[in-house]
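Have a look at the structure below before the remarks.
Computed from the coordinates by the stated procedures, all read-outs in this text should not be read as laboratory data. Everything numeric in this text was worked out from a predicted model, so none of it was measured. When we count neighbours, we look across all protein chains shown, and the Cβ atoms used for this are built from the backbone with ideal geometry, even at glycine.
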Amino acid sequence: MPDTLRQKGQRRLLIKELAEKYNFNPEVLQAMEHVPRHLFVDKGLGHLAYKDKPLPIAARQTISQPYTVAMQTHLLDCRKQDKVLEIGTGCGYQAAVLMAMGFRVYSVERIRELYLQAQKNLANTGFDPNALFYGDGFAGLPQFAPFRGILVACGAPEVPRILKEQLALNGKMVVPVGQHEQRMLRITRTGADEYKTEDFGFYQFVPMLGGTQK
């Protein structure tokens with residue numbers, strides 16, 4: 001499925017819209033302009049790919065609204081070659097944006113159907129499918145820790161302690177926390193057992209669940 005001039009134009013308009021809504025790091029918007037979102041959604045929804053809204057994907061999950069993707073990536077405050085863990089790969093779009101930022105990405109998905117689809121999506125768009133792992137997001141990836149950034153792309157009932165422990169010193173975790181509606185929190189590790197919390201307002205995500213699903 002191609003990335004046409006029309007779709008590139010729609011993507012530029014979306015990026016302009018996002019820039020008008022918030023003072024995002026320009027590198028975040030450049031990365032999002034580079035990633036063809038329409039190739040990560042169902043073909044029947046391709047005409048909606050460049051609207052600033054979430055869309056349904058397989059397994060009753062969603063691809064986040066572009067504004068939310070931009071905000072979470074912006075709040076990570078990471079630099080090229082930083083090691084970043086994503087929890088909740090979904091269709092792979094957020095992982096692709098992180099890769100386009102130049103980060104060393106590790107992404108965990110608990111639903112096997114989505115894990116396999118995300119691998120295909122990343123491979124088809126020129127990104128590394130080997131960055132994905134099938135497993136329980138609550139466990140993180142301790143074998144690859146510490147991480148400079150951790151991005152949780154689902155609503156956690158509370159800040160996951162095990163993930164906090166996988167942060168590098170001065171590393172940041174961006175995580176939506178809450179049951180039906182979440183607060184977007186940024187947790188910065190300031191010491192061995194010391195963390196600073198910042199609150200960036202209300203968002204809505206699908207719930208973060210433990211274990212794996214076939």
Exercise. Which whole-number percent gives the relative contact order of the chain, counting Cα pairs below 8 Å spaced six or more residues apart?
Worked result: 16 percent
For this session: Search the structure for amide H atoms under 5 Å from the amide H of D82, placed 1.01 Å from N in the peptide plane, and list their residues when 5 or more places away or on another chain.
Result: R104
For this session: Check the stretch 5-203 and count each lysine pair with an alpha-carbon distance under 18 angstrom, considering only pairs eight or more places apart or from different chains.
Result: 17
Seminar exercise, completed: Sorting A145, F202, T68 by the position of each Cα along the dipole of the chain (Lys, Arg +1; Asp, Glu -1; all at Cβ), the one nearest the positive end of that ordering is T68
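Find how much the distance from R60 to L116 grows on full extension, using 0.36 nm per residue of separation minus their present alpha carbon separation; answer in nm with one decimal. Numbers along the way, then the final one.
Working: separation 56, 0.36 × 56 = 20.16 nm, distance 1.54 nm.
The span from R60 to L116 would gain 18.6 nm if fully extended.
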Problem set entry | Amide H partners (placed H, <5 Å) of I111, local residues excluded | Q213
For this session: On a C-alpha basis, how far is the centre of the stretch 118-160 from the centre of the stretch 49-95 in Å? Whole number, if you could?
Result: 11 Å
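Could you please report the charge total around A168, scoring K, R as +1 and D, E as -1 over all other residues with beta-carbon less than 14 angstrom from its beta-carbon? Let's see the in-between values first.
Numbers: positive: R79, K83, R104, R148, K164, K172, R189; negative: D77, D82, E165, E194.
Once positives and negatives cancel, what remains is +3.
Return the percentage of antiparallel bridges among DSSP beta bridges fully within the chain, rounded to the nearest 5 %. Write out the running numbers ahead of the final one.
Values: 17 of 36 bridges.
The answer is about 45 percent antiparallel.
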Exercise. What ranking do 94-102, 204-212, 4-12, 70-78 get when scored by the average of other Cβ atoms within 10 Å per residue, highest first?
Worked result: 94-102, 70-78, 204-212, 4-12
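Can you run the Rg to Rh ratio on the chain? Use alpha carbon positions and the Kirkwood inverse-distance Rh.
Working: Rg = 15.9 Å, Rh = 17.0 Å.
Dividing the radius of gyration by the Kirkwood radius yields 0.94.
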For this session: Please turn the phi angles of the stretch 149-156 into ³J(HN,Hα) values with the Karplus equation 6.51 cos²θ - 1.76 cosθ + 1.60 (θ = phi - 60°), one per residue in order, whole Hz, x for glycine and proline.
Result: x, 10, 10, 9, 9, 8, x, 7
Exercise. Given the options T125, T89, T197, which has the most mean-square fluctuation in a GNM of the chain, springs set between C-alpha atoms less than 10 angstrom apart?
Worked result: T197
